[in-house]
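The structure appears right after this line, and notes come after that.
The values are calculated or read from the model by the stated rules, or taken from the named source; none is laboratory data. Not measured: the values here are computed from a predicted model. Here the Cβ positions follow ideal geometry from the backbone for every residue, glycine too, while neighbour counts run over all protein chains shown. Areas reflect the complete protein model, heavy atoms only, side chains present, ligands, DNA and RNA absent. Shrake-Rupley method; radii C 1.70, N 1.55, O 1.52, S 1.80 Å.
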Amino acid sequence: MALPVDLRRCQVLGLVGTAFLAAGGETAGALPVRELLAPSSAQAALGLVGVYFGVVLLIAAWALLGRLIRGATPPSPRALMVVLAIWAAPLLLAPPLFSRDVYSYLAQGAMVDAHMDVYAHGPAHLGGPLAAEVSPLWRHTGAPYGPVFLGVASALSGLTRGEVPAGLFGMRLVALLGVALMAAALPRLARHSGADPAAALWLGALNPLVLLHLVAGAHNDAIMMGLLGLGLVAALGRWPVLGAVLVTLAALVKAPAALGLVAVVVLQVRAGRGRTRAVTTTAVAATATTVAATAVAGTGYGWLGALDTPVSPQNWALTSLVGRATRALLERLGSDLAPLAIPAWHAFGVVAAVVAVLVIWLRLRPRPVYALGLSLAAVAALGPAIRPWYALWGLFLIAAAAPSASVRHRLAAVTGVLALAALPSGGPADTGQLVLAVSGGLLAGVVLWQVHQAELAPMPGRTA
């Protein structure tokens, strides 16, 4: 007998999961290093167990919601928006989770606000409490982000006067705005692509990776994808210029969104515009937007050179993993080519990504939203750096245009794995932390099993 599923059950289970996430993050999250009352090791261990207990509950709630969506009476997109808001609520005031990147955002915003060249200098040049919160690996590295995001971070720095708690809350609100834009765009993109809007929202917006990394982690990928989705919706209608402007703004948050301009051109051609006119209109709109946004942000064009910002030496991108293995082999052989192994594999990955994007568009040009989603997935997978939330670049749009339920099921399986792939502190894992994380997940599994058994048990006075 299957476990009975209803929308309220999914709401409550997911809410309990994110509540445990928020509570566990108070001692095991990416906490400010200058916190007055630092958690003890026992508190941190308990928090880590609580976070992974919450992650597994959230994944279970999401899986049950997916079953409900596939049922005879699926919930409406509006009801799913309510579920998203309920699940996200406990994370609003939680400390940053799974990454310390938000501290870099705040420090870079303060640098722009102080008229420092954020592309030539790292946060160490700023000094003070904000710079101390940035991961040591990135304190001397220039910003890899575009002027739109840095302009937002600068405005936030001015509003919060460099106060860390207020800045963290402000960055989370920016991320929530991005998630809201994603959720608003998904049903329209799904209808255009002939997909189920409810299924698109389930996979693209209620996805655990969205809650863990875009909301709890406050990553700027949220506002990038929100603007990208909104731009595509505009391009679907009668506003291709507005679509090009919004997609360009997304690319001026993070560069991969620039691929969306190809989709804007294709959508114009499909609507009956000539190819030359579509390309010219999009190029002019994108250029004007870039010039205007860069002038308003006051950052200059250093962001063009920042696109090759170095990646973490221990990054687990495919090309980095193969590069490190090749370097180790060459070092054993005594070859002088060993130092070139990682750069060579990174270059190969870039070339492979370009080829993959070209093949995707040649084969799927009549389906621009799906082609764009696959292209962004290829860029994330073959690029020199990858993080769990990078998977959302392509997943967001594939969710809106997936040609079959089997594609969504595969992506859901990938989501379940990636949701468990980072520690709440954002740092590397040691053996003890892995044991605690697994213990929290297993404890959640036991609780879910007990609930399942209770649902199957016959009522008193009745036979099974």
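A few comments on the model shown:
- Seen from residue 125, the other residues with C-beta closer than 13 Å to its C-beta sum to a net charge of 0, counting Lys and Arg as +1 and Asp and Glu as -1.
- Taking every C-alpha pair closer than 8 Å and separated by at least 6 residues, the mean separation divided by the residue count of the chain gives a relative contact order of 20 percent.
- Amide H partners (placed H, <5 Å) of residue 97, local residues excluded: 30, 217
- Highest average packing first - 412-419, 428-435, 256-263, Cβ atoms within 10 Å: 256-263, 412-419, 428-435
- Heavy-atom accessible surface of the range 98-194, averaged per residue, reaches 39 Å², computed with a 1.4 Å probe.
- For the range 229-365, the C-alpha radius of gyration divided by 2.2 N^0.38 Å, with N the number of residues, is 1.37.
- Cα-Cα P(r), the range 176-215, percent of pairs per 5 Å interval: 6, 28, 31, 21, 11, 3
- Dipole magnitude for the range 121-265: computed about the Cα centre from +1 point charges on Lys and Arg Cβ and -1 point charges on Asp and Glu Cβ, it is near 200 debye.
- Altogether, the Stokes-Einstein calculation at 37 °C and 0.692 mPa s, with the Kirkwood radius of the range 361-410 over Cα pairs as Rh, returns a diffusion coefficient of 295 µm²/s.
- Debye intensity ratio in log₁₀ form over the Cα atoms of the range 1-147, taken at each q of 0.10, 0.15, 0.19 Å⁻¹: -0.51, -0.85, -1.02
- Charge tally around residue 281: other residues with Cβ under 14 Å, Lys/Arg +1 each, Asp/Glu -1 each, net +4.
- Helical segments meeting 27 Å axial Cα length and Kyte-Doolittle -0.5 threshold in the chain (DSSP H): 7-28, 41-69, 164-193, 275-297, 341-364, 431-456
- Share of alpha-carbon pairs per 5 Å distance bin for the range 310-418, given as whole %: 2, 13, 18, 19, 16, 13, 9, 6, 3, 1, 0
- Separation between Cα centres of the range 372-425 and the range 10-78, rounded to whole Å: 20 Å
- Pair-distance distribution of the range 407-455: all C-alpha pairs, bin width 10 Å, starting at 0; shares per bin in whole percent are 21, 36, 34, 9.
- For the chain, projected area of the alpha-carbon convex hull averaged over all directions, nm²: 25.2 nm²
- Estimated 222 nm signal from helices in the chain, with DSSP H stretches of n ≥ 4 weighted -39500 (n - 2.57), rounded to 500: -22000 deg cm²/dmol
- Evaluated at q = 0.24 Å⁻¹, the base-10 log of the normalised Debye intensity for the range 370-453, with identical point scatterers placed on the Cα atoms, takes the values -1.10.
- P(r) tail fraction, the range 145-239 - alpha-carbon pairs more than 21 Å apart, %: 38 percent
- Per the Debye calculation on the range 206-308 with a single equal scatterer at every Cα and no solvent contribution, log₁₀ I(q)/I(0) for q = 0.17, 0.23, 0.24 Å⁻¹ amounts to -0.79, -1.14, -1.19.
- Two-decimal Rg to Rh for the range 99-180 - Kirkwood Rh, Cα set: 0.93
- Calculated on the alpha-carbon coordinates, the convex hull of the range 74-213 measures out at 116 cubic angstrom per residue.
- Cα-based equivalent ellipsoid, the range 49-102: semi-axes from gyration tensor eigenvalues, Å: 26, 14, 8
- Listed peptides 218-226, 159-167, 11-19, 63-71 appear in the order 218-226, 11-19, 63-71, 159-167 once ranked by packing, highest mean of other Cβ atoms within 10 Å at the front.
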